[in-house]
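Trainee: One structure, as structure tokens, below. Some questions next.
All of the numbers you see were taken from the coordinates with simple rules; none came from a lab. A quick note: this is a predicted structure, and the numbers were derived from the prediction, not measured. Cβ placement follows ideal geometry from the backbone for every residue including glycine, while neighbour counts extend to all protein chains displayed.
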Amino acid sequence: MLSRTADHLFWMSRYTERAENTARLLDVNYQTSLLPQSTADAQAGWRGLLSISELMPAYTARYGDDINPRSVMDFMVRDERNPSSTISCLKNARENARAVRGTLTTEVWETANQTWLEIIRLLNNGDFERDPSQFFEWVKFRSHLSRGVTAGTMLQDEAFHFLRLGTFLERADNTARLVDVKFHALQSDFPGAAAGEDAETQTYDFYHWSAILRSVSAFEIYRKVYRDVIRPERVAELLMLRADMPRSLLACLNGVMGNLAMVTSDPASETQRRAGKLRGELQFARIDEILEAGLHAFLIQFLDRVNELGAHISREFLVPSTR
Amino acid sequence: MSQPMFDEMNASASSVRGHYENYQRWLARQPAHVMQNRRAEAEMIFRRVGITFAVYGDKDEAGAGTERLIPFDLIPRIIPAHEWARMERGLVQRVTALNRFLHDVYHDQEIVKAGIIEAGQILHNEQFRPEMVGVNVPGNVYSHISGIDIVRAPDAKGEGEYYVLEDNLSVPSGVSYMLEDRKMMMRLFPELFSDHRVAPVAHYPDMLLETLLAMAPAATAEPTVVVLTPGMYNSAYFEHAFLAQQMGVELVEGKDLFVKDNFVHMRTTRGPKRVDVIYRRVDDDYLDPLAFKPNSTLGCAGLLGVYRAGNVAVCNAIGTGVADDKSIYPYVPKMIEFYLGEQPILQNVPTYMCRNPDDLAYTLANLKDLVVKECHGAGGYGMLVGPASTQAEIEDFRRAIVANPSGYIAQPTLSLSTCPTYVESGVAPRHIDLRPFVLSGKEVQMVPGGLTRVALKDGSLVVNSSQGGGTKDTWILEDGVSPPAVTPGQSQQQTQTTGA
């Protein structure tokens, strides 16, 4: 397959996945903001959302220091100057799809194109403002549809594997950012245990942790897996180390490895080695060890390595510099 | 204008032509709101499918080209099979002669020696490529895909006569609309197709692939065919992607290609892969920065050298444009006689070549009645329609013609035939043309029909999509009765057994 084609496919699915994860985060923050909470807590939530995507400077440059739900949602949803906004992601997904529409099945292309046409309508006719949650549901649904149509109609050749590769790599990045910012929000690497355990803190913690779980559709999964009250270390374990949790870091790295193996012509390549090493570390890690050594440090390093992995994939397959 | 008119459907205010009778009866039964809904449905589907084109110079706020729909009209243009049979023979004849001419131009130039065309007409033509002189291309075919524009105008008897208005031999476009229009009609009005024997067109991509494969360098067992596009912001990008997908071949851009060891390769995820046939949708000038425009990024450096060595086929051939130039067009009937020893089946529109003093004088004296075209113009640009122009526009053209007479030709303003078309006020006659797509590989063949373009503005003769033209499905209506009904199969699908 053409390297340029693979590049477009890889980024098409990355942008779709990013749009979904942004919608998940925004929805959880929006839902949380409807609960009684202090202004400071509410602000911390929106601030965390901006810092997750490293967008704080871009936001303040446009909206000033006032971090309020309306402005943050506008910035993250409809601001085309923000490259991570929903509209930017869906536009980029669609433009990448358009560049390789001949490689996609008609259904996959039409899904991306229809999503783009619809978001313009939803943002122009006030649907988003009337019911943000419903809009975020819609973004998630379109992403589900995009993946489902891909799995249901595409030949399982290189094109399919590059699409999947993009999805898993982006999701690994997004989940790591989510865990990092939500644990970091509590100002400690291992919150919950250290806190004073008064009733108010416990209630707050419950909503905090359940919000994280819900943002990755994992609330019911947590109950099913642990049959226990919500404990932060278990939330971290579920989102990082469980291979059967579809949005966990390990599951994502398994997805990356599996699809890399299908497209590589050199099983000993540097890309494979790095992906395998990172996967192995997650596979054999224990959550108590990670927490002991520092969750934030672990996740920052993980994000760096995912980033490097993306660069290696790009060099080996997508934008080869040598002839 | 008090010129006679020819309408494809209505012979007069009260009578419908035979091949439209069945359709007209059906149309009369359709409630207005149903047709209105179908129009909206068609537009919605075209948008969702992304059958759009970009207009040059038209930018939205984001700086990207605007994507527009080409208006699709619900009323088909119907041609009876016997008329098509004659047109098809004429097209095969014309394209065969044009390919012979191109081979001659780049080899012995017999036609010049015979005194039919002056050498300067060819050698000074901007589209003439000296690099191609003496180069042997596979099968001696230059124009593999030819789009021949045909119009119909009333003749002395008040009947319609077909004329060739223009030959498009370099990178003709529009075939995807022919295919998508048919798909749309079958989706919107399936019942029409059980009542009419409409010749199918959907096998065009197969025929095209067969044509391209036939051009592969002899030694290649499994030739790799690619479609070369200028990229997704080109006005015809949809068509490039569509054809590549339908043929199951890669759609490449210039930056995906490179030359090594005198072969063309493409960059793939598994290293370089050799390319044997390039169906290029990029103009000659941009194909090879080493040979033509040095700053072009749309082509592939060194392509011409590989092509001349016979290690890659380029379709259509480099240098084909010399034969579809408007200054060469008037000679096509003579080419048919010269190369084939036959009389032309399809007529040219009478043409005044301003390079001849007599023709120039006539043209300048009759500008308000004539259509004047730049020899190198295309897409409806660089054209004066005398009867529809202001005095100032006419004077501008007069100055341009006087300054460079050989850059212009003039033709009488033909009253193009009309076809009933949906417009804001209802159904009204609008002028149309027809572009069949002729494929030349091992043989010269085509699918029945072509792309019918319609000028949506009242009285306008300009059908180009860049100038507000639309399209219609084109039916070659086979004689005879309805096709046989499909009998349902015998086997039944399994269903879930409940309560067992």
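Trainee: Considering amide H positions built from the backbone, and no H for Pro or chain starts, which residues 5 or more places from residue A:82, or on another chain, come under 5 Å of its amide H?
Mentor: Amide H to amide H, under 5 Å and 5 or more residues apart or across chains, residue A:82 pairs with nothing.
Trainee: Another question, then. Using the Karplus equation 6.51 cos²θ - 1.76 cosθ + 1.60 (θ = phi - 60°), what ³J(HN,Hα) coupling, rounded to whole Hz, does each residue of the stretch B:26-38 give in order, writing x for Gly and Pro?
Mentor: Listing the rounded values in order: 5, 4, 4, 7, 7, x, 4, 5, 5, 5, 4, 5, 5 Hz.
Trainee: Still on this structure, please answer the following. Once amide H atoms are built 1.01 Å from N in the peptide plane, which residues 5 or more positions from residue B:75, or in another chain, come under 5 Å H to H?
Mentor: B:422
Trainee: List the lysines whose alpha-carbon lies under 27 Å from that of residue B:183, not counting same-chain residues fewer than 8 positions away?
Mentor: B:457, B:472
Trainee: List the relative contact order of chain B as a percent without decimals, with contacts defined as Cα pairs under 8 Å and 6+ residues apart. Walk me through the numbers before you get to the answer.
Mentor: On the way: 927 pairs, mean separation 113.4, N = 500.
Across chain B, relative contact order equals 23 percent.
Trainee: Per residue of B:286-298, how many C-beta atoms from partner chains lie within 10 Å of its own C-beta, taken as a mean? All intermediate terms of the calculation are to be shown ahead of the outcome.
Mentor: On the way: counts 0, 0, 0, 0, 0, 0, 0, 0, 0, 0, 0, 0, 0.
What the average comes to for B:286-298 is 0.
Trainee: For the stretch B:350-413, rounded, prolate or oblate, judged on the Cα gyration tensor with a ≥ b ≥ c (square roots of eigenvalues), a/c < 1.5 rounded, else prolate if a/b > b/c?
Mentor: Numbers: a/c = 1.31, a/b = 1.14, b/c = 1.15.
Verdict is rounded for the stretch B:350-413.
Trainee: Hey, what number do you get for chain B at 222 nm if only DSSP H runs of n ≥ 4 count, each worth -39500 (n - 2.57), divided across all residues, to the nearest 500? Working shown, then result.
Mentor: On the way: 13 runs with 134 residues, N = 500.
That calculation yields -8000 deg cm²/dmol at 222 nm.
Trainee: Same structure again: Checking the cross-link filter: which lysines have an alpha carbon closer than 20 Å to that of residue B:373, excluding same-chain neighbours under 8 positions apart?
Mentor: The reachable lysines, counting only those whose Cα sits under 20 Å from residue B:373, are B:326.
Trainee: Sequence neighbours fewer than 8 away in the same chain don't count; with that in mind, list the aspartates and glutamates whose C-alpha is under 14 Å from residue A:140.
Mentor: The reachable aspartates and glutamates, counting only those whose Cα sits under 14 Å from residue A:140, are A:17, A:20, A:27, A:118.
Trainee: I would also like to ask the following. Considering amide H positions built from the backbone, and no H for Pro or chain starts, which residues 5 or more places from residue B:148, or on another chain, come under 5 Å of its amide H?
Mentor: B:168, B:438
Trainee: Hey, another quick one. If we count other beta carbons within 10 Å of each Cβ, what is the order of B:352, B:279, fewest first? Please list the in-between numbers first.
Mentor: Values: B:352 21, B:279 27.
Starting with the residue having the fewest Cβ neighbours, the order is B:352, B:279.
Trainee: Evaluate peptide B:240-250: per residue, the Cβ atoms of other protein chains within 10 Å of its Cβ; return the mean as an integer. Could the numbers behind the result be given before it?
Mentor: Values: counts 2, 8, 2, 1, 4, 8, 1, 1, 1, 1, 6.
Across B:240-250, the average partner-chain Cβ count within 10 Å equals 3.
Trainee: Please arrange A:183, B:46, A:206, A:298 by how many other C-beta atoms lie within 10 Å of their C-beta, fewest to most. Kindly include the intermediate steps, with their values, before the conclusion.
Mentor: On the way: A:183 25, B:46 18, A:206 12, A:298 21.
Least crowded to most crowded, the residues run A:206, B:46, A:298, A:183.
Trainee: Normalising by the residue count of the stretch A:156-318, find the relative contact order in percent from Cα pairs under 8 Å and 6+ residues apart.
Mentor: Values: 145 pairs, mean separation 52.7, N = 163.
Computed value for the stretch A:156-318: 32 percent relative contact order.
Trainee: Projecting each Cα onto the charge dipole of the protein assembly as shown (Lys/Arg +1, Asp/Glu -1 at the beta carbon, about the Cα centre), which of B:248, B:15, B:375 comes out farthest on the positive side?
Mentor: The residue sitting most towards the positive pole is B:248.
Trainee: Related question: Got a sec to turn the phi values of the stretch A:107-121 into Karplus ³J(HN,Hα) couplings, 6.51 cos²θ - 1.76 cosθ + 1.60 with θ = phi - 60°, whole Hz, x for Gly and Pro?
Mentor: Values per residue, Gly and Pro as x: 5, 5, 4, 5, 5, 5, 5, 5, 4, 5, 5, 6, 5, 4, 5 Hz.
Trainee: I would also like to ask the following. Quick one: order B:270, A:227 by neighbouring beta-carbon count within 10 Å, fewest to most.
Mentor: Working: B:270 13, A:227 7.
The most exposed by this proxy come first: A:227, B:270.
Trainee: With θ set to phi - 60° and the Karplus curve 6.51 cos²θ - 1.76 cosθ + 1.60, what are the ³J(HN,Hα) couplings of the stretch A:276-285 in order, to the nearest whole Hz, using x for Gly and Pro?
Mentor: Each residue's phi maps through the Karplus curve to give x, 5, 5, 4, x, 5, 6, 4, 9, 7 Hz.
Trainee: Below 8 Å between Cα atoms, with a sequence gap of 6+, how large is the relative contact order for chain A in percent? Please report the intermediate quantities before stating the final value.
Mentor: Numbers: 360 pairs, mean separation 76.9, N = 323.
Rounded, it is 24 percent for chain A.
Trainee: Next question, about the same structure. Summing +1 for each Lys or Arg and -1 for each Asp or Glu, what net charge is found among the other residues whose Cβ lies under 14 Å from the Cβ of residue B:332? Intermediate results must be reported in sequence, preceding the final value.
Mentor: Details: positive: B:94, B:100, B:326, B:334; negative: B:104, B:149, B:166, B:167, B:324, B:325, B:337, B:342.
Residues near residue B:332 contribute -4 overall.
Trainee: Hey, can you rank A:152-159, A:11-18, A:123-130, B:365-372 by average C-beta count inside 10 Å, highest first?
Mentor: Working: A:152-159: 15.0, A:11-18: 26.4, A:123-130: 13.2, B:365-372: 17.5.
Packing order, densest peptide first, comes out as A:11-18, B:365-372, A:152-159, A:123-130.
Trainee: For B:268-277, what's the mean count of beta carbons from other chains sitting within 10 Å of each residue's beta carbon? Spell out each step's value before the answer.
Mentor: On the way: counts 10, 18, 8, 6, 3, 2, 0, 0, 0, 0.
For this peptide, the per-residue mean of nearby foreign Cβ atoms is 5.
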